[in-house]
1. Set the Förster distance to 35 Å, then compute FRET efficiency between Ala71 and Lys47 from the Cβ-Cβ distance, nearest 0.05.
2. By how many nm would the segment from Val176 to Glu190 grow when fully extended, if each residue of separation counts as 0.36 nm and the alpha-carbon distance is taken off?
3. To the nearest 0.05, what FRET efficiency results for Lys119 and Ala86 with a Förster distance of 30 Å applied to their C-beta separation?
4. Counting only DSSP beta bridges with both residues in the chain, what percent are antiparallel, rounded to the nearest 5?
5. Hey, which lysines would be in cross-link range of Lys138, C-alpha to C-alpha under 28 Å, not counting anything within fewer than 8 residues on its own chain?
6. Which residue, Phe197, Phe53, Phe34, has the most motion in a Gaussian network model of the chain that connects Cα atoms within less than 10 Å?
7. How large is the helix-only mean residue ellipticity at 222 nm for the chain, computed as the sum of -39500 (n - 2.57) over DSSP H runs with n ≥ 4, divided by its residue count, in deg cm²/dmol to the nearest 500?
8. In the set (i) 47, 37, 37; (ii) 57, 32, 31; (iii) 83, 40, 32, which value of Cα extents along the principal axes in Å was calculated from the structure you see?
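Here, each number is a calculation from the coordinates, and none is a lab measurement. Please read all numbers here as calculations on a predicted model, not as lab measurements. Note: ideal-geometry Cβ built from the backbone for every residue, glycine included; neighbour counts use all protein chains shown.
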Amino acid sequence: MHVQIGLPLYVYFLLLIAYSLIVFWGCYYVGSNFFIKITCKAETDKKEIAISFDDGPAANYTSQILQILKAENVPATFFCIGNRIAGNEHLLKQIHENGHLIGNHSFSHHFWFDMYPAKKMLDDMKQMDAEMLRVIGKKPKLFRPPYGVTNPNLKKAIISGGYTPVGWSVRSLDTVIRDEQKLLNKVNAEIQPGAVFLFHDTSEATLKILPAFIQEVKKSGYNFIPLDKLLALKPYE
């Protein structure tokens, strides 16, 4: 007896769509661990959090953010873009001298960075390393992917370069939310043990709400912990 086994074409089409959505989620959700394990928060019950800032150093806001952090005795991590260091060396030095950590956020932060082949990605990341070595004499191990996008090429570049990928558990959306009260309400609502907050030191809204956010964290009984201590990671080579 001949038995024909097959599925209607639309079933294959739906399976293809489902697979594509899974891959898309894996690429664009930094905490998916779909291609490579990325540390995004600490597994702890202690009232401890870490804050981080991406995309600097920025001539307009980084210095003012550093003043606030110093006044409040709050440690932070700055994931810097390499091509923004030239001309802002004093800011990178100030970040380092104030006791904050500095991580690699690529050299170019190019719009198409996630489409680069692995070698081009790695070359870009190493350019950022070279700028840090030039200015503060340290080579970063912590790497935060531009836009939070991961894929097999980036996995290869991260492993080849010996980097430790770091994400976040709370995305402030401070580059999108311009209403200061709305932004403050959002981040305050997401204060929880082990959280890693993502801000941008290129955002005026973040500059405006940062003192109130820090006070809310402290009032809630939380402590700000350096990212490397919270996540038990080595920050530099």
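1. Details: r = 22 Å, r/R0 = 0.62.
Efficiency, rounded to the nearest 0.05: 0.95.
2. Working: separation 14, 0.36 × 14 = 5.04 nm, distance 1.72 nm.
So the extension gain works out to 3.3 nm.
3. On the way: r = 24 Å, r/R0 = 0.79.
Given R0 = 30 Å and the Cβ-Cβ separation, E is 0.80.
4. Details: 1 of 21 bridges.
Taking every DSSP beta bridge within the chain, about 5 percent pair in antiparallel fashion.
5. Lys37, Lys41, Lys70, Lys93, Lys119, Lys120, Lys126, Lys155, Lys156, Lys229, Lys234
6. Phe34
7. Working: 8 runs with 100 residues, N = 237.
Rounded to the nearest 500, the figure is -13000 deg cm²/dmol.
8. The calculated read-out lines up with (iii).
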